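S.K.: One structure is given below, represented as structure tokens, and several questions about it will come after.
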Amino acid sequence: MTRTAPLEPATRWRPHPLDLVAVVLAGLGAACALSGLLPRAETTATLHRILPLLLFLGTVIVLAELTAVAGVFDVLASRLAIVSRGSWAALFLLCGGLATLTTLVLNLDTTAVLLTPVLLALARTLRVPAAPLAVTTVWLANTASLLLPVSNLTNLLAADRVGLAPLTYASRMALPQVAAVAVTMALLWFGWWRRDRPAGGRFVPPARHVPADPVLHRTALAGCLIFVAGILAGVEIGLASTVALALVLVGFVVRSPATLRPGLVPLRLLLFVTGLFLVVQTVGRHGLDDLVGYLLGAHGGTLGALRAGGTGALLANAVNNLPAYLAGESVLPTVDHTRLLALLIGTNVGPLAAPWASLATLLWFERCRAAWVSVPVRRFVLTSTLLAVTGTLAAVGALVLVS
């Protein structure tokens, strides 16, 4: 198999619409801070708050790039295809189950960064359309992130807000999680996998992939395992990704120094996230918080829970799921557990229609772009919007049943 390297020559680079969005957002964020629209104290607090996030983003993306070059993803992809024994339906269940498990046990950003390249490599190996496999990771990275506090940063915030221990939190979110994953798998199959399945629903299993540099492969694999182990051990994700990247960088300095270049650093994404947080913080001070309070309303019950979930999904696609959750949390009473958890569902399951709606979705777009994989935009937006609506409704409905 001839592998398409994710690190393309500089001459093939073309400006992306998100490049312009990132620059504009960063400029607006700087203008908000410098003009005083966002007071200096709040600007400092916001930047201090997102520095660990920026460290994680910068290091984990470079880690994923170098791991792909070392062939780790190709090896995992070939083994996944071999286990499925040529059955497209079995491969669908394996990919969906792996994405769900990765998101639940680790977190959604790990799924977006490390699992997306595995499935993209699998598509290249099998010579099948990459879109169904790519969409599997981004959808389940979002919708399978409800069950445990560690699955999503917003979950940690919600669990702390409502004062629930991890097991108690998991028991409240178990049925909503099952509902969200069930809807996701159904839409994945009928919207993507069934439509693009090979003739007869079968494919030829590939031979086991052998990396070009076994030493570099083992070094990169060790870096990924260190990253995963750090997350499982509760190490701050920025520290875990930095330590893992340091090991992999040493391997590349020794074995393939020409691979290392400044273009590996995801400058666009770092600018985007910084500008986004500054702009949303400013908008919150000048009317967004009031708007969120109006959208959420003052009543509880089933209608109030559905309204909270819908508000979370709507705001997540408008700005981003983390500031959307924080804005909603700030206007909901702490004792209103059902609406707070419904808001959480909306901000976890709902942020799929826009590329900026969640950090996992942003990371997924970066991984697809790095691999030169293009997902049909119109089809993605339509099916993702359908999932955001139906998945949020199903999960909130399940939450009401157990409340």
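The values are calculated or read from the model by the stated rules, or taken from the named source; none is laboratory data. Remember, predicted model here, so these are calculated numbers, not experimental data. Cβ atoms come from the backbone with ideal geometry, glycine included; neighbour counts cover every protein chain shown. The protein model used for the area step is the full one, side chains on, heavy atoms only, and it has no ligands, DNA or RNA in it. Shrake-Rupley method; radii C 1.70, N 1.55, O 1.52, S 1.80 Å.
S.K.: Could you calculate the contour length gain from ARG40 to ARG369, that is, 0.36 nm times the residue separation minus the distance between their Cα atoms, to one decimal place in nm?
M.R.: Computed gain between ARG40 and ARG369 is 114.9 nm.
S.K.: Show me, for the range 398-403, the HN-Hα J-couplings you get by feeding each phi into the Karplus relation (A = 6.51, B = -1.76, C = 1.60, θ = phi - 60°), rounded to Hz, glycine and proline as x.
M.R.: My calculation for the range 398-403 gives 5, 4, 4, 5, 9, 8 Hz in order.
S.K.: By accessible area of protein heavy atoms, probe 1.4 Å, what ranking do ARG367, ARG218 get, highest first? List each step's numbers first, then the result.
M.R.: Working: ARG367 15, ARG218 145 Å².
I get ARG218, ARG367, largest accessible area first.
S.K.: If the viscosity is 1.567 mPa s and the temperature 4 °C, what translational diffusion coefficient in µm²/s does Stokes-Einstein give for the chain when Rh comes from Kirkwood over Cα pairs? Could the numbers behind the result be given before it?
M.R.: Working: Rh = 21.6 Å.
Taking Rh from Cα pairs, D becomes 60 µm²/s.
S.K.: Taking square-rooted eigenvalues a ≥ b ≥ c of the alpha carbon gyration tensor, is the range 345-403 rounded, prolate or oblate, where a/c under 1.5 means rounded and, failing that, a/b exceeding b/c means prolate? Numbers along the way, then the final one.
M.R.: Numbers: a/c = 3.72, a/b = 2.16, b/c = 1.72.
Prolate, since a/c reaches 1.5 and a/b exceeds b/c.
S.K.: Here is a follow-up. Rank these residues by their accessible area, most exposed first, probe 1.4 Å: PHE252, PHE365.
M.R.: Working: PHE252 0, PHE365 60 Å².
Final ranking, largest accessible area leading: PHE365, PHE252.
S.K.: Can you tell me the length gained on complete extension of the stretch ARG195 to ALA298, counting 0.36 nm per residue apart and subtracting the Cα distance? Kindly include the intermediate steps, with their values, before the conclusion.
M.R.: Details: separation 103, 0.36 × 103 = 37.08 nm, distance 4.38 nm.
Contour length minus Cα-Cα distance gives 32.7 nm.
S.K.: Explain nothing, just compute: Karplus ³J(HN,Hα) = 6.51 cos²θ - 1.76 cosθ + 1.60, θ = phi - 60°, for every residue of the range 371-376 in order, whole Hz, x for Gly and Pro.
M.R.: So the Karplus estimates, Gly and Pro as x, are 8, 6, 9, 10, 9, x Hz.
S.K.: Pull out the extension gain between ARG261 and ASP160, defined as 0.36 nm times the separation in residues minus the alpha carbon to alpha carbon distance; nm, one decimal. Don't skip to the answer; put the middle values down first.
M.R.: Details: separation 101, 0.36 × 101 = 36.36 nm, distance 4.10 nm.
Extra length from ARG261 to ASP160 when fully extended: 32.3 nm.
S.K.: Now for a different question. Over the chain, with the other protein chains present, what is the accessible area per residue in square angstrom, probe 1.4 angstrom? Write down the numbers at each step before the final one.
M.R.: On the way: 16980 Å² over 403 residues.
With the other protein chains kept in place, the chain gives 42 Å² per residue.
S.K.: Tell me the mean residue ellipticity at 222 nm calculated for the chain from its helices only (DSSP H runs of n ≥ 4, each -39500 (n - 2.57), averaged over every residue, nearest 500).
M.R.: After summing the helix terms and dividing by residue count, I get -23000 deg cm²/dmol.
S.K.: In addition: Just reorder LEU393, LEU245 by solvent-accessible area, largest first, 1.4 Å probe, all chains present.
M.R.: Ranking LEU393, LEU245 by accessible area, largest first, yields LEU393, LEU245.
S.K.: Take the Cα of THR334, step 7 Å along the line toward its Cβ, and report every residue of the range 161-180 whose backbone nitrogen sits under 20 Å from that point.
M.R.: 161-170
S.K.: So, in nm, how far is label VAL377 from label LEU232 when the simple model puts each one 7 Å beyond its Cα toward the Cβ?
M.R.: Roughly 4.1 nm, to one decimal.
S.K.: Within the range 229-247, which residues have the backbone N less than 11 Å from the label spot 7 Å out from ALA222 along Cα→beta-carbon, could you tell me?
M.R.: Answer for this model: 247.
S.K.: Now for a separate question. First compute the accessible area of the chain with a 1.4 Å probe, then give the percent of it belonging to carbon and sulfur atoms.
M.R.: Details: 11850 of 16980 Å².
Ligands and nucleic acids excluded, carbon and sulfur reach 70 percent.
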